[in-house]
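See below for the structure under consideration.
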2 protein chains.
Amino acid sequence: MKAVILAAGKGERLSQGEGKSKPKPLIPLLGLSLLERAILSAKESGIYDFVLVVGYRSEEVVKYVEAKQKRLGVNIDFVENEEWEKGNGLSVLKARDALKEENFVLLMCDHVFDSSILNDLLAKARRNKGDKCILCVDNPENVFDLEDATKILLEKNKPKAIGKGVENYNAVDCGIFYCTSEMFDALEKEIGEGKYELSDAVQCLIDSDKLEVFDIGGRFWCDIDTHGSLEYAKLRMLKSLEKPTDGIISKYINRKVSRRITARIVNRNLTPTQITIISFLMALASATFFFLGEYKYLIIGGLLAQASSIIDGCDGEVARLKFLMTDYGAFVDSILDRYADAIIILGLIIGYCMLHGSISVWIIGLFAVLGSFMMSYTNARYEGVFEKTGGGRGIPVRRDMRLFIIMIGAFLNQVLGLLLLLAILTNTEVVRRVFSIKRIITKKKNKF
Amino acid sequence: MKAVILAAGKGERLSQGEGKSKPKPLIPLLGLSLLERAILSAKESGIYDFVLVVGYRSEEVVKYVEAKQKRLGVNIDFVENEEWEKGNGLSVLKARDALKEENFVLLMCDHVFDSSILNDLLAKARRNKGDKCILCVDNPENVFDLEDATKILLEKNKPKAIGKGVENYNAVDCGIFYCTSEMFDALEKEIGEGKYELSDAVQCLIDSDKLEVFDIGGRFWCDIDTHGSLEYAKLRMLKSLEKPTDGIISKYINRKVSRRITARIVNRNLTPTQITIISFLMALASATFFFLGEYKYLIIGGLLAQASSIIDGCDGEVARLKFLMTDYGAFVDSILDRYADAIIILGLIIGYCMLHGSISVWIIGLFAVLGSFMMSYTNARYEGVFEKTGGGRGIPVRRDMRLFIIMIGAFLNQVLGLLLLLAILTNTEVVRRVFSIKRIITKKKNKF
C-alpha cells in the first residue's frame, strides 16, 4: 500500500512572511516537522512507500526530505505540481502515474493524527471488497477550528454533501482517505469542469455513491492551519503521553513534570536511550549521597531519586513523540531501572550501617531489593494479564511509588523505616499477585 | 471434533491371568493408565468429546472412567461391543451412531504417542478438503516390536498394501487415524464379507484411493502389547523430559537424578505444586544451615541447595507426564525460585558475616542476588528470543549452575569467593545479553 501526501500548498496563516520562515510542511511540532510526522504516522500502519506531491517552495521541501530519508526509512517518490495554486485536487491527480493503479491512502501533510486511526481505516478497507473510497470523519464537537473545517452531511451514516460551506452538517472531514481509482475518475471529471479542489471530487464521489465514511470515534487529529491550532495540537499530544498503567505518583506528580521537560527536550538531539542513561546516572548520584549517610546528604539523595524517577518518564515520552519506540529501548530501560533500584537501596543500607553499625538494616534492605525486583518480575512474567487489570489494583507500590517513598523517608531521616515499609509493601503485593493471578487465569479458562 | 478410542480388546500378553490383573486400558504407565493417557493426549489437541468402545471386562473399564471423568474434563460416550473377540474393525463400526456423521479421530487405547503428532494430523486434515482418511505412519526402523507391527507398503508416498503379513514394506501403521465417512463404508463392506479387522477396512480404503498417510517424522509413539514395550515406552517418555533450554548442570547431572525420582513419585498423589513447595522448603533448609556458618553446616547446606535444585526439575516432569502443566504452576514455581535464590544467598551472607564480621560480604552478596535475579528477569522479558537461542550460549550461569556453584563453594568453605564468582558471572552475562539481544532484534527487523 502506498500513501500520497499533499505538501504542495502555501499555508499562509502559519508562515510569517515569505523567505523568512519555513514552508508549512517543515514547520516543527514536538521534535518533528509536520511532514515527517505524517510520514512516520503512516509508517506505523505498515506503509513504506510514499508519493509526495510538492509545489510551493518545492526545492526546499525535496531537499529537506532527501536529507531525512535514511532516518525515515521509507521510499519516497516526489511529484511536482507547478499549478499548486489552482487547488489540492489537482495535486492528487498529479500523483496518478506514480501509483501504478494501486489503491492508496491519501493524507494532508498539515494534518496530525493518532496513528491508530489509519490502522483501523486500513483494516476496514481490507474488509471492503468493492471500489468505494473511504473518508475518515469526526464529530464536529471535537474540532479545534470548526469554521475552517470541511463539513459533511451524513444521513444514516451515508454522506450526502461535503464542503466548507455546507449548512446542515453533522460531521467533519479529517483529511485521511482510502482511495480507489474512482478518486481519479472523479478528479478528472471535476477538473475538466474547472473545479480544482479535492472536496469537489469528493462531492462527485458522493453523488455517484462511491464514498463511505469511517468514524474515528473521538480519537485525536488536528488540521494545523494557524499558530493556535499548532499550540492546541501540542497540548493534546503531550496530554496523550499518560499511560493507563501509570501509578498514582506517576499520574499526579511525575507525568505533570516530565511532560513539561519532554516538551523542551524533544526539539534537541537527545535520543531516548541517552535520556534513559541520564536517569540512571541520577539514580547512581542519589545512591552516592545516601551512601554518605548524614541527614543533609539524605535530603539531596532523596531529591535525586525522585528526579531520576521523573526523568525516567521522559525517555518513553520522547520516544513516543518522535516515533522512536523500540522493544530494545524498553528492554534496556527496564534493566537499568532494576539496577538503579538496587543500587539506591544499597546506598541507603551502607549509609545507615556506617552510622549505626546495625546488621538488621542489611536484612531488611535485602528484602526491600527482593520485593522491588519481584514487583517487576511478576509484571514481566504476566505482562498481558497485569497490563489489562491495570496498575491501580492491589498495593500501589510500583517504581514511581517506591522512589517517592524513598524520597519522603530520606526527608524524614527514617532510612530503616522506609526500607521496612518497602520490604513489607512490595513482598505483600507479590503474594497478593500470586493469588489474584490464579483467579484471573481460572476466569479466563472458564470462558472457553 | 470427536475421537473414537478402541478399548475393547483383551491384551493377553500384558495381563497375567484373568481376574488378578487389570484390564489392559487400565494398566498404569508413569502415573496414568493407558486409557487416561490416550484421552489426555487427544485433549492436548483440543478434542473434548470422546466415544469409548469397550468390550472385554467392560464394566470395570466404564466404572473406572466414570470415576475419573471430572479430573479428565472431557465428555465421554460409551459404546459396548459385545462381539469384541471378532476383531477391532467391528468396534469402530459400533461407534458410528454416536458420531452423528462427523469426521473423527480414531485412536487405540494401548498406543501412547507424542501429542504433537495428533496436532499436526489435525492441521493436515483441516487443509484437506476431500473425503480421504489419513493414517499416521512411521519408519520401520523406529518401531520397538517390528514383528508385531502392522506394515504398510508406500509407493511415492501413496499406500499400496497394509497388514501384519505384508512382505515388502517401508512404513508401519502408528494406530492414529483421521477418518471420514469412507471409513464406515469400507468397514461395512469388509465386515459383510466376514473380515472383522480394522486393517481389512484400511486395505479397502487403499484400494479405492481413499487413504492418505501422514509421516510422523520420527516422533515418539509405541504400541503397548508386552511388558517389554511398556518398559521401553517408560524409558522413552522419561528421556523426553529433557528440555532444550536445560543448562549444563541440569542436562548432565540434575535431569539424570530428577528423572529417576520422577519415575518413582509420578505414581503417587503428589501434585506438581506440592513438589514445587518441597523444593522451596529444601532451599529454606539449605539457607538455615548456611546461616549457622560453621563448615560442617555449610556442607549440609550445600547438599540441600543442590538437592533443592534437582527436585525443582521434578515438578515440571511430573506435570508433563500427567498432563498437569499450567501457566499458573510455572508462574508460582518461578516466583518461589527467585525467593529461594535470594534466601539461600542471604543465609550465606549472614553465616559468613557472623563468623568474620565483614561488611564487604553484604555488598558482594547483594550483587550476587541482583545478578541472579537479572538472569531470570532478562529471560522473562525476552522469553521468546532467549528460548530460541537456547541457554547454551553466553555464560552458562542459569539457576542449575548457580546452585551448583553454591554447593561447590560451600564444600570448599569459600563463601566470599562463591558469592563474588556469582556476582561477577551473572552480572557479566546480563550485560552480554543486553548487547546480544540488540543484534538479535536488529537481525529480526532486517528480515522484513
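What is the antiparallel percent of DSSP beta bridges lying wholly in the protein assembly as shown, to the nearest 5? Intermediate results must be reported in sequence, preceding the final value.
On the way: 40 of 85 bridges.
Taking every DSSP beta bridge with both residues in the protein assembly as shown, the antiparallel ones total about 45 percent.
How much net charge surrounds B:N269 when only the other residues with a Cβ under 12 Å from the Cβ of B:N269 are counted, with Lys and Arg +1 and Asp and Glu -1?
Values: positive: B:R71, B:R268, B:K322; negative: none.
Taking every Cβ under 12 Å from that of B:N269, the sum is +3.
Suppose only helical runs count, i.e. DSSP H with n ≥ 4. What mean residue ellipticity at 222 nm does that imply for chain A under -39500 (n - 2.57) per run, divided by all residues and rounded to the nearest 500 deg cm²/dmol?
-18000 deg cm²/dmol
Rounded to the nearest 20 debye, what is the charge dipole size of the range B:1-154 about its Cα centre when +1 sits on each Lys and Arg Cβ and -1 on each Asp and Glu Cβ? Numbers along the way, then the final one.
Working: 23 positive and 25 negative charges, 86 e Å.
Result for the range B:1-154 is approximately 420 debye, rounded to the nearest 20.
So if I place +1 on the C-beta of Lys and Arg and -1 on the C-beta of Asp and Glu, and nothing else carries charge, what would the dipole magnitude of chain B be about its Cα centre? I want it in debye, nearest 20.
Details: 60 positive and 56 negative charges, 514 e Å.
In total the dipole reaches around 2460 debye.
Which residue, A:I406, A:G217, A:L32, has the largest displacement toward the positive end of the dipole of chain A when charges sit on each Cβ (Lys, Arg +1; Asp, Glu -1)?
My answer, from the dipole projection, is A:I406.
Calculate the mean, over all residues of peptide A:377-383, of how many other protein chain Cβ atoms lie within 10 angstrom of the residue's Cβ.
Details: counts 10, 5, 2, 8, 12, 4, 3.
Mean partner shielding for this stretch: 6.
Would you mind classifying the range A:2-235 by shape? Square roots of the alpha carbon gyration tensor eigenvalues, ordered a ≥ b ≥ c; an a/c under 1.5 is rounded, otherwise it is prolate if a/b is larger than b/c and oblate if not. Walk me through the numbers before you get to the answer.
On the way: a/c = 1.36, a/b = 1.24, b/c = 1.09.
Note, shape of the range A:2-235 comes out rounded.
I need the trypsin sites (Lys or Arg not before Pro) found in the range B:104-137, filtered to DSSP loop residues with at most 11 other beta carbons within 10 Å of theirs. It would help to have the intermediate numbers written out before the result.
Numbers: sites: B:K124, B:R126, B:R127, B:K129, B:K132; in loops: B:K129, B:K132.
Listed in order of number, the matching sites are B:K129.
Going 7 Å from Cα along the Cα-Cβ axis for the label, what nanometre distances separate A:S181 from the same residue across the other copies?
4.5
Across peptide B:364-376, how many C-beta atoms of other chains are within 10 Å of each residue C-beta, on average? If you can, show how the numbers build up before the last one.
Working: counts 0, 2, 10, 4, 0, 5, 9, 1, 1, 9, 6, 0, 4.
Counting Cβ atoms of other protein chains within 10 Å of each residue's Cβ and averaging gives 4.
Along the charge dipole of the range B:243-446, which of B:V369, B:V318, B:Q274 sits closest to the positive end, that is, farthest toward it, with unit charges on the beta carbon of Lys, Arg, Asp and Glu (+1, +1, -1, -1)?
In the range B:243-446, that residue is B:V318.
Going by a ≥ b ≥ c, the root eigenvalues of the Cα gyration tensor, does the range B:82-172 fall in the rounded group (a/c under 1.5), the prolate group (a/b larger than b/c) or the oblate group?
Values: a/c = 1.62, a/b = 1.18, b/c = 1.37.
In terms of gyration-tensor shape, oblate.
Name the residue from A:L154, A:S45, A:Y382 whose Cα lies farthest towards the positive end of the charge dipole of the protein assembly as shown, charges +1 on Cβ of Lys and Arg and -1 on Cβ of Asp and Glu.
A:Y382
Could you give P(r) for the range B:243-446, binned at 10 Å from zero, as whole percent values over all Cα-Cα pairs?
Percent of pairs per bin, in order: 9, 34, 35, 18, 4, 0.
Per-residue mean of other chain beta-carbon atoms within 10 angstrom of the beta-carbon, peptide B:326-339? Write out the running numbers ahead of the final one.
Numbers: counts 4, 7, 8, 0, 1, 9, 4, 0, 3, 9, 1, 0, 7, 6.
Per residue, the number of nearby Cβ atoms from other chains is 4 on average.
I need the inter-copy label distances for B:E231: point set 7 Å along Cα to C-beta, values in nm with one decimal, smallest first.
Ordered by increasing distance: 8.9 nm.
Nm distances between the label at B:G218 and the same-position labels in the remaining copies, 7 Å along Cα→Cβ, shortest first?
5.9
Each residue of the range A:305-322 in order: what ³J(HN,Hα) in whole Hz does its phi give by Karplus 6.51 cos²θ - 1.76 cosθ + 1.60, θ = phi - 60°, with x for Gly and Pro?
Rounded to whole hertz, the list is 4, 5, 5, 4, 4, 5, 4, 4, x, 5, 4, x, 5, 4, 4, 5, 5, 9.
Cβ neighbours within 10 Å, averaged per peptide: list A:24-33, B:204-213 in order, most packed at the top.
Sorting A:24-33, B:204-213 by mean packing, highest first, produces A:24-33, B:204-213.
Which of rounded, prolate or oblate describes the protein assembly as shown when judged by the alpha-carbon gyration tensor and an a/c cut-off of 1.5?
On the way: a/c = 2.73, a/b = 1.21, b/c = 2.25.
Oblate, since a/c reaches 1.5 and b/c is not below a/b.
Can you run phi through the Karplus equation (6.51, -1.76, 1.60; θ = phi - 60°) for the range A:361-375 and list ³J(HN,Hα) in whole Hz, with x for Gly and Pro?
In residue order, the calculated couplings are 4, 5, 5, 4, x, 5, 6, 5, 4, 4, x, 4, 4, 5, 4 Hz.
So, by mean Cβ neighbours within 10 angstrom, what's the order for B:50-57, A:243-250 with the highest one leading?
Details: B:50-57: 23.9, A:243-250: 18.0.
So the peptides B:50-57, A:243-250, ranked by packing, come out B:50-57, A:243-250.
Only four residue types carry charge here, +1 at the Cβ of Lys and Arg and -1 at the Cβ of Asp and Glu. Report the dipole size of the protein assembly as shown about the Cα centre in Debye, rounded to the nearest 20.
Details: 120 positive and 112 negative charges, 672 e Å.
Here the protein assembly as shown has a charge dipole of around 3220 debye.
Here, each number is a calculation from the coordinates, and none is a lab measurement. Bear in mind the structure is a predicted one, so any value in this text is a computation, not a measurement. Cβ: placed from backbone, ideal geometry, glycine included. Neighbour counts: every protein chain shown.
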